[in-house]
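Q: Please see the structure below; I have some questions.
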Ligand SMILES: [Fe+2]
Ligand SMILES: [Fe+2]
């Protein structure tokens, strides 16, 4: 988590808005013939998910973890609870970071006013989730409000993921300038890197 956050700060502070938009444009359009060629190859083979498929899969995976926590929380040992929350928080942090570093900037680059507002709200929701994640990472399973914090985080994440899929993904699908296959590759590569740093894979 610490490393993942540090990277966000470094990237955000070291890049101007203009530079970020340019970088996002290059990423979104898959600039570089090699990445474009790789995307075509993987798409043809049907082995790699595009950006929306990959992000939806993350949403579904973490929702399942929250549901499992709710079902089993009264029967789990403290150790098992702590480990499940570590995995939930780690995966959420990585997901938020790859969206903020790669997906949202690519969308900002092609956004109309509506999409800009949706992305603003999404970023604020990420900030709220990060606050609860930080509290849970500093807590122990026996602490007061621990289960309540997991429950509320799950509710917030489900709401956020639902809006993202219904509103933001719909806009992304219509944005012909976006290369969702290339974005999917970039998201997957960064996700693998960050999960490795957090010991999640
Ligand atoms: Fe998000
Ligand atoms: Fe998401």
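Q: Picking from 172, 189, which residue would you name as being under 19 Å from residue 101 (Cα atoms), free of Cβ contacts under 8 Å to residues at least 60 places away in the same chain, under 18 Å from the mean Cα position of the chain (by Cα) and in the same structural domain as residue 62 (by TED's automatic domain parsing)? Working first, answer last.
A: Details: 172 fails: free of Cβ contacts under 8 Å to residues at least 60 places away in the same chain.
Testing whether each residue is under 19 Å from residue 101 (Cα atoms), free of Cβ contacts under 8 Å to residues at least 60 places away in the same chain, under 18 Å from the mean Cα position of the chain (by Cα) and in the same structural domain as residue 62 (by TED's automatic domain parsing) leaves just 189.
Q: Here's another thing I want to ask about it. Tell me whether segment 88-105 contains one or more residues that are within 12 Å of ligand 1 (Cβ to nearest atom), under 17 Å from residue 148 (Cα atoms) and part of a helix (DSSP H, G or I).
A: No.
Q: Kindly provide the set of residues from segment 68-86 that are within 15 Å of residue 149 (Cα to Cα) and in contact (Cβ under 8 Å) with a residue 60 or more places away in the chain, ordered by number.
A: Correct list: 69, 70, 73, 81, 85.
Q: Look through 111, 139 and report the one residue that is part of a loop (DSSP other than H, G, I, E, B) and at pLDDT below 95.
A: On the way: 139 fails: at pLDDT below 95.
Within the list 111, 139, the selection yields 111.
Q: Shifting gears a bit: On the given criteria, is residue 158 surrounded by 14 or more Cβ atoms within 10 Å (Cβ to Cβ) and under 17 Å from residue 100 (Cβ atoms)? So that I can check it myself, show each step before the final result.
A: Details: surrounded by 14 or more Cβ atoms within 10 Å (Cβ to Cβ): yes; under 17 Å from residue 100 (Cβ atoms): no.
Here the answer is no, as residue 158 does not meet what is asked.
Q: Out of all the residues in segment 151-169, which are more than 30 Å from residue 74 (Cα to Cα) and in contact (Cβ under 8 Å) with a residue 12 or more places away in the chain? Lay out the reasoning, then the answer.
A: Keep residues of segment 151-169 that are more than 30 Å from residue 74 (Cα to Cα), which gives 163-169.
Those that are more than 30 Å from residue 74 (Cα to Cα) and in contact (Cβ under 8 Å) with a residue 12 or more places away in the chain: 163, 164, 165, 167, 168, 169.
Q: Can you tell me which of (1) more than 17 Å from the chain's Cα centre (by Cα); (2) in a helix (DSSP H, G or I) is the one residue 157 doesn't meet?
A: Checking residue 157 against (1) more than 17 Å from the chain's Cα centre (by Cα); (2) in a helix (DSSP H, G or I), the one that fails is (1).
Q: Would you confirm whether any residue within segment 30-45 is surrounded by 16 or more Cβ atoms within 10 Å (Cβ to Cβ), outside any helix (DSSP H, G or I), over 17 Å from the mean Cα position of the chain (by Cα) and at pLDDT 50 or above? So that I can check it myself, show each step before the final result.
A: Taking segment 30-45 as the starting set, the residues that turn out to be surrounded by 16 or more Cβ atoms within 10 Å (Cβ to Cβ) are 30, 35, 38-39, 42-43.
Imposing the further condition that a residue be outside any helix (DSSP H, G or I) reduces the set to 30.
Narrowing further to those that are over 17 Å from the mean Cα position of the chain (by Cα): 30.
Still in the list and also at pLDDT 50 or above: none.
The answer is no, given that none of the residues of segment 30-45 is surrounded by 16 or more Cβ atoms within 10 Å (Cβ to Cβ), outside any helix (DSSP H, G or I), over 17 Å from the mean Cα position of the chain (by Cα) and at pLDDT 50 or above.
Q: Do we have any residue at all in segment 61-76 that's modelled with pLDDT of 95 or more, over 30 Å from residue 143 (Cα atoms) and under 18 Å from the mean Cα position of the chain (by Cα)?
A: no
Q: Going through segment 160-176 one residue at a time, which ones are outside any helix (DSSP H, G or I) and within 14 Å of residue 104 (Cα to Cα)?
A: Taking segment 160-176 as the starting set, the residues that turn out to be outside any helix (DSSP H, G or I) are 175-176.
Correct list: 175 only.
Q: Please go through (1) within 14 Å of ligand 2 (Cβ to nearest atom); (2) not in a helix (DSSP H, G or I) for residue 199 and return the number of the only condition it doesn't satisfy.
A: (1)
Q: Consider residue 160 against the criteria (1) away from ligand 1 (no atom under 15 Å from the Cβ); (2) touching a helix residue (DSSP H, G or I) at 6+ places or on another chain (Cβ under 7 Å): it satisfies all of them except one. Which criterion is unmet?
A: (1)
The values are calculated or read from the model by the stated rules, or taken from the named source; none is laboratory data. As the structure is a computational prediction, the values presented were derived from the model and not from experiment. All Cβ positions, glycine included, derive from the backbone under ideal geometry; neighbour counts span all protein chains shown.
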